[in-house]
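What follows is a short report on a single structure.
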Amino acid sequence: MRPTIGHPQCWGRPLNTALRATLTLLVTGIPHATAADGVFRSMELLHFASQGGATQLVARRAWQLPGIPLTLGLEAMQLSGRDAQGAPWQLNAPQGELRGRDTLNLHGGVALRGRGSDGAELRLKTPQLRFELQNRQGGGDSQLELRWGHRELRGRGFVFSLSEQWLELLHDAETWRTTRTTATATALESNQCRAGALRLGWGGHEHRLRYDNQVHCVADGLVLHAEQLSLSVSKAAPIAVTRAVASGEPALFRHIPAEDHPEVNGSAQRLEYHHNQQHLSLQGEARLWHDGRWVEGERIDYHMQGSAQEAVP
């Protein structure tokens, strides 16, 4: 008996034998059924799973593209699986192709949803991308938008890994915070950053962002200009930056303290900021404008909290 879902419609083409051997057709109500002659008929919804069973591909229609060996055309497809920590993810696209047994080319508006190891939701949108089923890595040349917990990211050109939990924006990277800590939060607290490129990691005990090439960032009341900047973000309080390390030739900073203190600025080869201690360390050819005078030295420690501010060369 031929399984039927929805209205009967014969649209299938014979699948290449080698490709058919790598795929299993899972039809609702008839698990692990296969099409003996390689022709899929009378079906609106097709389920494919790789031999390892790590991911599942679902499409409303699937057909072998004429003249292109080992390639299936897909319509209204959904790919789902779990990352290294067991968190589910889902990839959706209106159109695409499955090339061989491992490569998906998706287009027409692609959406990816998943979760970080802290449970924060990840939502990715891009016009098109390619995805490798075996290693769960993907990429593309188009514009990408990503919402990750309380942050949003945008850039052009990207690569990512769901198994290793990282993403790189290759050009014109921007990030900003979508939720403010208080109703009176100022622009200097908005955690807005721009750079030539960005790498985001959301595994481990904290989130990590690394910006490269002409970095301008406003983070935790500090305005930073550098060639490279690394931010660590607490999973317990994903809005707050717990640590920032900037480097450059030199790296520059500006800090606007409470109203009863003047603006402080300076530069060094390396700037290292710790939120909990409200401490900024300037290392290598350090210069700091503080209390109306320049402080210079190989290392300067700037304590930023309230009346306890001091700069120690």
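The values are calculated or read from the model by the stated rules, or taken from the named source; none is laboratory data. Computed from a prediction, not measured in an experiment: that's the story for all the values here. Quick reminder, even Gly has a Cβ in these numbers, built from the backbone with ideal geometry, and neighbours come from all protein chains shown.
General observations
- Subset of segment 196-209 that is in a loop (DSSP other than H, G, I, E, B) and either exposed (fewer than 14 other Cβ atoms within 10 Å of the Cβ) or of a type outside the set (A, V, I, L, M, F, W, C) (or both) - its residue that is modelled with the highest pLDDT: GLY196
- Answer residue from segment 134-154, given it is crowded, with 18+ Cβ neighbours inside 10 Å and of a type in the set (Gly, Ala, Ser) and is nearest to THR175 (Cα to Cα) among those: GLY149
For (1) at pLDDT 90 or above; (2) closer than 17 Å to ARG210 by Cα; (3) buried (at least 19 other Cβ atoms within 10 Å of the Cβ); (4) not assigned by TED's automatic domain parsing to the domain that holds THR175, each residue gets a yes or a no:
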| site | (1), (2), (3), (4) |
| --- | --- |
| LEU222 | no, yes, yes, no |
| HIS225 | yes, yes, no, no |
| LEU229 | yes, yes, yes, no |
| ALA240 | no, yes, no, no |
| GLU285 | yes, no, no, yes |
| GLU296 | yes, no, no, yes |
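- In segment 118-133, the residues that are in contact with a strand residue (DSSP E or B) (Cβ under 9 Å, 6 or more places away or on another chain), at pLDDT below 90 and either closer than 15 Å to THR175 by Cβ or not in a strand (DSSP E or B) (or both): ASP118, ALA120, LEU122, LEU133
- Test: residue in segment 174-195 that is basic (Lys, Arg) and modelled with pLDDT under 90: yes
- In the set (1) under 12 Å from the mean Cα position of the chain (by Cα); (2) at pLDDT 95 or above; (3) not acidic (Asp, Glu), VAL110 fails one condition alone, (1).
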